[in-house]
């Protein structure tokens, strides 16, 4: 198995975005309340790199909550999701369940909106390690 190399693409106190090269994986990791300008910049960076590098997997690690405004929820659903669906090679998307109920509701709403346009598998996990196992199960056949 290839060793992981993490390329940090965007980092702030509220959001970290990085690529795990061994799994062709994009990771978006919000840390609580994420201001709109940081959320949009980080998410656009993630999508552009995922498309450019033809990544196969996407992980939203929301364990710390990822509270975004309703305007950003609409923006992600109407702008980012269609671009990711049309231009990327993403095959699986995993969501790590947040501990707080408000963040979980936001995440479930975004997933429900995206499900209509994404043809790939999406799944919730309680732990990051389980999502990585799920990605690895398909990596042997997709790499």
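Readers should treat all values here as calculations from the given coordinates under stated rules, not as data from a laboratory. Note that the coordinates shown come from a computational prediction; the quantities given were computed from them, not determined experimentally. When we count neighbours, we look across all protein chains shown, and the Cβ atoms used for this are built from the backbone with ideal geometry, even at glycine.
Is the shape of region 37-143 best called rounded, prolate or oblate, per the rule: a/c under 1.5 gives rounded, else a/b larger than b/c gives prolate, else oblate, with a ≥ b ≥ c the square roots of the Cα gyration tensor eigenvalues? It is oblate, given that a/c is not under 1.5 and a/b is not larger than b/c. Once you sort the root eigenvalues of the Cα gyration tensor of region 1-92 as a ≥ b ≥ c, which label holds: rounded (a/c under 1.5), prolate (a/b larger than b/c) or oblate (the other case)? The shape class here is oblate. Both radii were evaluated on the Cα set of region 74-125; the Rg over Rh quotient, with Rh as the Kirkwood radius, amounts to 0.97. With contacts taken as Cα pairs under 8 Å and at least 6 residues apart, the chain reaches a relative contact order of 20 percent. From helices alone, the chain scores -13000 deg cm²/dmol at 222 nm; the rule is -39500 (n - 2.57) for each run of n ≥ 4 DSSP H residues, then divide by the residue total. FRET efficiency for the residue 11 to residue 71 pair, using the beta carbon distance and R₀ = 22 Å, is estimated at 0.40.
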